[in-house]
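Report on one structure; see the data block that follows.
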Amino acid sequence: MLALLGLITMLALLGIILAKRMSALAALIAIPIIGALIGGFGLGTAKFIVQGVQDIAPVVTMFIFAIIFFGVLTDAGMFDPIISKILRVVGNHPTRIVMGSALLAMLVHLDGSGAVTFLITIPALLPLYERLNMDKRVLACVVALGAGTMNMVPWGGPTLRAATSLQVSITDLYNPIIPAQLCGLAFVMLVAFWLGRRETRRLGIVSGEGTDTFVFQRVLTDEEKKIRRPKLFWFNITLTVAVIAALIWGKVAPAVLFMVGVTLALIVNYPEVAMQRARVDAHAKAALMMASILLAAGCLIGIMKGTGMITAMAKAAVTFIPKGLETHIPVIMALISMPMSLLFDPDSFYFGFLPVVAEVAKTLGVPVLQVGQAAIIGQMTTGFPLSPLTPATFLLIGLVGIELGEHQKFTFLYAYLTTIVIAIASIAIGLYPL
């Protein structure tokens, strides 16, 4: 009975979110509460919710301060010299331009925001593509691949959601998969090189001949100039590297690292209290939106675990899994994770679908971490810039000036191959068995 109630609750949650009958925030809170009350848990439901929220509080804290940290450093202009250098290096040769596009997307996506990445990279690079009559689908493709593969970072939405829904440490989830992610990033650069060479041949360009000397220069607004701190570039770079290195080291809680990072970034770049307040306010909306979703997910997770519904569902599902297939659950998840970005939005997948699969795997003796790591290599990472369920996808194609269908048709294979490469690398380093 409990398994059936859990199944109905999760199906209702998925259906309502996908059908847009409620916002994800409202559904993650309302549906599990209704399910718990129907199950007869009464006021005990409140205790489950509190426990769930307490369990994910460190993740929420890390995310809030990570958003502010990277936002402040972007405001201070940390990426400006990097972008300018890339634009100078790529010059006017298609191969270098395409590879530079992918690299720039990777670097800018350090903040974990698809919208910010597309708003910075596309306007900086599109004039080069148009001037040389290059295929704009190539620009959309390599920027999507670079941003998507980088979206696996610990403060990125998919990894945060996976760690939250599975109740595991961010560092335990992410650190082991870093080598596989690096293989994915290397493959993206290889794809960019191949696409660039193809564009070079299509345009009939040999060793850069036949092109002019046009190099696009970014122009900052007056408001952007006021908050730039070019003299502090090396301090900001050093601070960023130190925070990321300490995060990978894993000896200090991620939330603490980003809290200290934000404090140093604000004090050094903006000593005036009014400026510090303004920079925090500028990024508070983005931080609050995701934090509220994570806290609402804590409500769902707390109820599903506290009532025992998710465990009952897993035990019931185990009876339907063929003998010998259980060890392959992570591999199967890896293979379907990227295409599932076209079917599930991140909240419904990570908070509705993934916990059930992970609990089934756990019951069969498969580590939950393996399932989570398999999920984040494609679901709303390499898959997010193609999904019609994410607003950032429409921002990307809108800035480039192409249709969703042609973008998906052109990019899907390369995105899926990137996921496969990361999956193969994950198997090779022993993250999960084949």
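The values are calculated or read from the model by the stated rules, or taken from the named source; none is laboratory data. The structure displayed is predicted, hence computed values, not measured ones. A quick note on method: Cβ atoms are made from the backbone with ideal geometry, for glycine too, and the neighbour counts reach across all protein chains shown.
Remarks
- Taking the listed residues 412, 394, 349, the one that is in a helix (DSSP H, G or I) and either modelled with pLDDT of 95 or more or touching a strand residue (DSSP E or B) at 6+ places or on another chain (Cβ under 6 Å) (or both) is 412, with no other qualifying.
- The condition (being in a helix (DSSP H, G or I) and closer than 22 Å to residue 172 by Cα) is satisfied by just one residue among 297, 265: 297.
- Within segment 247-283, considering residues that are farther than 19 Å from residue 79 by Cα and crowded, with 17+ Cβ neighbours inside 10 Å, the one farthest from the chain's Cα centre (by Cα): 276
- Only one of 266, 185, 190 that is modelled with pLDDT of 95 or more and touching a Ser or Thr at 6+ places or on another chain (Cβ under 6 Å): 185
- Test: residue in segment 355-362 that is crowded, with 18+ Cβ neighbours inside 10 Å, in contact with a Leu (Cβ under 8 Å, 6 or more places away or on another chain) and under 22 Å from residue 159 (Cβ atoms): yes
- Across segment 16-66, the number of residues qualifying as over 12 Å from residue 302 (Cβ atoms), hydroxyl-bearing (Ser, Thr, Tyr) and touching a residue at least 12 places away in the same chain (Cβ under 8 Å) comes to 1.
- Of all residues making up segment 37-95, the number that are out of contact with any Pro (no Cβ under 9 Å at 6 or more places or on another chain), of a type in the set (A, V, I, L, M, F, W, C) and not in a helix (DSSP H, G or I): 4
- For segment 158-181, filtered to residues that are among the small types (Gly, Ala, Ser) and surrounded by fewer than 24 Cβ atoms within 10 Å (Cβ to Cβ), the residue that is modelled with the highest pLDDT is 180.
- Taken as a whole, segment 313-322 holds at least one residue that is surrounded by fewer than 19 Cβ atoms within 10 Å (Cβ to Cβ), modelled with pLDDT under 90 and either over 30 Å from residue 2 (Cα atoms) or of a type in the set (Gly, Ala, Ser) (or both).
- Residue list for segment 356-391, filter: touching a Phe, Trp or Tyr at 6+ places or on another chain (Cβ under 6 Å), outside any helix (DSSP H, G or I) and at pLDDT 90 or above: 379
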